[in-house]
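In what follows, a structure is listed as structure tokens, so that the remarks can point back to it.
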Ligand SMILES: [Zn+2]
């Protein structure tokens, strides 16, 4: 059940039986020379839709742009300042709370969003407490790439070539969704460098093709389908417990 494909009477009827909503958030940023700019949003959306179907839960529209400051030296990347993202998240969470949604499961596709998401949860709770206390309101963040099952499957499929950006698991998920975009050419070096980074220019200097520690040429659309199914299974269990908890 997708919020943007419902009418308001359908949402009202849903709220009479459930206060649960799944909110996908991604990012619009470079993912190496062979990965799609929309990778993080595409992954989060596909997983959130799967979880929504499994649990018959409402799925909010995907927030497609996140905090991607460190990718801005690559064409096509878009970013929100952390303060803008915080304001956007707070307004979206308050809007959902206003209607009676009280269990918001955020499926996040991008590491750069995680800190601001946690800040937005605190900010929203504070505003709700200040205006009209909502002790029933709960938020929960799931970074899909950190799930135990995804970790296991990624290690099994890709060994030490997972890395931390433009990773074969996330690239495989997008290629399973859009097989016509698959580009498995081997990159040089095969496994990209790893290092700490600072500004956007520093990122590009250290990682000239945009990857960090990964070999996305190992990705296959069929891996993506397995990873997607594993993520949906695990997050659906998290969501089931979260939505039914007092
Ligand atoms: Zn990504």
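Listed conditions (1) in contact with a helix residue (DSSP H, G or I) (Cβ under 8 Å, 6 or more places away or on another chain); (2) part of a helix (DSSP H, G or I); (3) more than 16 Å from the ligand (Cβ to nearest atom); (4) at pLDDT 95 or above are all met by residue 113, apart from (3). When each of 152, 140 is tested for being assigned to a helix (DSSP H, G or I) and under 30 Å from residue 239 (Cβ atoms), the lone residue that passes is 152. Taking region 27-44 as the range and being more than 8 Å from the ligand (Cβ to nearest atom), within 13 Å of the chain's Cα centre (by Cα) and either under 21 Å from residue 185 (Cα atoms) or modelled with pLDDT under 95 (or both) as the test, only 38 passes.
I'd like the full set of residues that are more than 16 Å from the ligand (Cβ to nearest atom) and either without any contact (Cβ under 8 Å) to a residue 60 or more places away in the chain or surrounded by 22 or more Cβ atoms within 10 Å (Cβ to Cβ) (or both), limited to region 142-158. Outline the logic, then answer.
Quick first cut of region 142-158, residues more than 16 Å from the ligand (Cβ to nearest atom) only: 148-149, 152-153, 155-157.
Of everything in region 142-158, those that are more than 16 Å from the ligand (Cβ to nearest atom) and either without any contact (Cβ under 8 Å) to a residue 60 or more places away in the chain or surrounded by 22 or more Cβ atoms within 10 Å (Cβ to Cβ) (or both) turn out to be 152, 155, 156.
So in region 47-59, with the set limited to residues that are in contact with a helix residue (DSSP H, G or I) (Cβ under 6 Å, 6 or more places away or on another chain) and crowded, with 24+ Cβ neighbours inside 10 Å, which one is nearest to residue 199 (Cα to Cα)? Can you show your working first?
Of all residues in region 47-59, those in contact with a helix residue (DSSP H, G or I) (Cβ under 6 Å, 6 or more places away or on another chain) come to 47, 50-51, 54-55, 58-59.
Checking the rest, the ones that are also crowded, with 24+ Cβ neighbours inside 10 Å come to 47, 51, 59.
Working: 47: 31, 51: 36, 59: 35 Å.
Checked region 47-59; the qualifying residue nearest to residue 199 (Cα to Cα) is 47.
Just one of the listed residues (15, 3, 42, 36) is closer than 24 Å to residue 99 by Cβ, in contact (Cβ under 8 Å) with a residue 12 or more places away in the chain and surrounded by 17 or more Cβ atoms within 10 Å (Cβ to Cβ), and it is 3.
Does residue 23 fit the bill of being under 11 Å from the mean Cα position of the chain (by Cα), within 14 Å of the ligand (Cβ to nearest atom) and surrounded by 22 or more Cβ atoms within 10 Å (Cβ to Cβ)? Talk me through it step by step, then tell me what you get.
Working: under 11 Å from the mean Cα position of the chain (by Cα): yes; within 14 Å of the ligand (Cβ to nearest atom): no; surrounded by 22 or more Cβ atoms within 10 Å (Cβ to Cβ): yes.
For residue 23, the condition - under 11 Å from the mean Cα position of the chain (by Cα), within 14 Å of the ligand (Cβ to nearest atom) and surrounded by 22 or more Cβ atoms within 10 Å (Cβ to Cβ) - is not met.
Of these, 105, 89, 128, which one is assigned to a helix (DSSP H, G or I) and within 21 Å of the chain's Cα centre (by Cα)?
Numbers: 105 fails: assigned to a helix (DSSP H, G or I); 128 fails: within 21 Å of the chain's Cα centre (by Cα).
Sole residue among the options that is assigned to a helix (DSSP H, G or I) and within 21 Å of the chain's Cα centre (by Cα): 89.
Taking region 159-184 as the range and being within 14 Å of the ligand (Cβ to nearest atom), touching a strand residue (DSSP E or B) at 6+ places or on another chain (Cβ under 9 Å) and not in a helix (DSSP H, G or I) as the test, the residues that pass are 163, 164, 165, 166, 167.
The values are calculated or read from the model by the stated rules, or taken from the named source; none is laboratory data. None of these values were measured; they are calculated from a predicted model. Glycine gets a Cβ as well: all are built from the backbone with ideal geometry, and neighbour counts include every protein chain shown.
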